[in-house]
Ligand code: NDP
């Protein structure tokens, strides 16, 4: 049995699932040396077991729009691995959602959650429902119909979903209300809840803040910091907004943001005031990013589907933080970033960089952190929300933020230590995969063949 054999098996078992195969390949390549050192892991087929969801649910979601038209969507929950804790991972509402996308996200989530040091297993879910252009009432009706089925499969001790693309505070509110009504209980079954009803302070900010804390740790290894660094950010949703906010706090300059229509390039830098405008535009008015360029008279570049690269990544900068979606940085983009002297790429999104692009970055000495390490601050703070819910207590912003800083520092050290131990010093990808894998593998080994 070799890593190639396992990858072949994954390909056979999951045809038409390119995203899942991509995530599997990345992890198999990194962790194979661990299995060679521990033949018992091979005999117990631990890696193959991790690659097979413990349970995968697909269900019909039927709902009525404001005009009384009936719509049918697909809902899913992938319960990937529960060796170290209840399933935990977000819900994504986006037309691009497929079983492949959710399986890749759930698989990544296993290792990410293990890295946080908080006992959480891996899961992910969502729907091909598109919240864009829907009224609040329509989003509410969809969320209620979705939870009508999902409620049978989750609980605060079994599976605790959160937000992801297309699922923010509004959707979590509707989903929580529906769950409470169906189950007749008030428990912390979802995270990312409102502050007045069980949510944790700093959860909204956590993924973006954590990403920049992680980047700061990486830069400190080279006696540098984010201060005065020019940064490219993609996306303009939850992760992007708070990554930009923390870059500004720490004295860096963020010059881009994007949505699925295109990106803005504000060479003067996104200031606190401009960021407040962006938050209001995206979170309250649900508008398009072009409005930012119109208001602040900066460049707007429409996204051209025919382009074989994204011109956002051709802008000269020190650091790049992809915070939109998977596979948004390809080989060409990586070459452009390298050509412009990029020092660091930190993933805020999940798997935004293709395998070829990662290899180009690493080969050219760009510091690179995989999302499972650098965006883990979101789920870690969800873990803190669960702890506060179990304890029936509420921590202050300062307390949660201090824990987040500590968790990101620990993940950073854990990655570096594992990478060094396996002969790849400074390789955060290998370090994150190995450290996450080892923790889950040991738990599965102890729990027997189940
Ligand atoms: P949001 O829905 O808040 O924002 C997503 C942003 O990315 C929007 O600007 C959206 O533009 C853009 N986007 C989404 N899909 C595409 C696409 N196919 N092409 C171009 N642009 C796109 O999501 P989040 O900020 O929560 O999530 C962003 C990424 O971070 C995802 O990969 C997610 O899995 C990851 N992540 C999120 C965490 C969290 O706590 N929220 C935790 C860890 C990871 P538009 O508005 O036009 O759709």
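Structure notes:
- Within the chain, antiparallel bridges make up roughly 55 percent of the DSSP beta bridges whose residues both belong there.
- Rounded to the nearest 5, the antiparallel percentage of DSSP beta bridges internal to region 57-130 is 75%.
- Theoretical FRET efficiency, 1/(1+(r/R0)^6), r = Cβ-Cβ of residue 417 and residue 8, R0 35 Å, to 0.05: 0.65
- As a length-normalised measure over Cα pairs under 8 Å and 6 or more apart, the relative contact order of the chain settles at 15 percent.
- Normalised by the number of residues in region 1-85, the average gap of Cα pairs under 8 Å and 6 or more apart makes the relative contact order 22 percent.
- Label-reachable residues, region 62-84, where backbone N falls under 20 Å from a point 7 Å from residue 49's Cα toward its Cβ: 78-84
- Burial ordering of 100, 236, fewest other beta-carbon atoms within 10 Å first: 100, 236
- Label-point separation, residue 186 to residue 294 (7 Å along Cα→Cβ), nm: 4.3
- With a simple spin-label model that places each label point 7 Å from the Cα along the Cα-to-Cβ direction, the separation between residue 223 and residue 398 comes to 3.4 nm.
- Distant alpha-carbon pairs in region 114-230 (separation over 16 angstrom), percent: 67
- Maximal additional length on extending the residue 308-residue 40 stretch stands at 92.0 nm, based on 0.36 nm per residue less the C-alpha distance.
- Fewest-first ranking of 197, 395, 313, using other Cβ atoms within 10 Å as the exposure measure: 197, 395, 313
- Mean ellipticity per residue at 222 nm, deg cm²/dmol - from DSSP H runs of n ≥ 4 across the chain, formula -39500 (n - 2.57): -15000 deg cm²/dmol
- Every Cα-Cα pair in the chain was counted, and those over 37 Å apart are 20% of them.
- Per-residue Cβ neighbour rank within 10 angstrom, fewest leading, 147, 140, 218, 391: 391, 140, 218, 147
- Computed from the Cβ-Cβ distance with R0 of 25 Å, the FRET efficiency linking residue 195 to residue 132 stands at 0.45.
- The label point for residue 267 and the one for residue 62, both projected 7 Å from the Cα toward the Cβ, are 5.8 nm apart.
- Beta bridge orientation in region 1-131: antiparallel %, DSSP, nearest 5: 75
- Per-pair calculated FRET efficiency, R0 = 22 Å: residue 277 and residue 96 via Cβ, rounded to 0.05: 0.20
Values in this text are rule-based calculations from the coordinates and carry no lab data. All values derive from a computational prediction rather than experimental measurement. With ideal geometry, Cβ positions are generated from the backbone for all residues, glycine too; neighbour counts draw on all protein chains shown.
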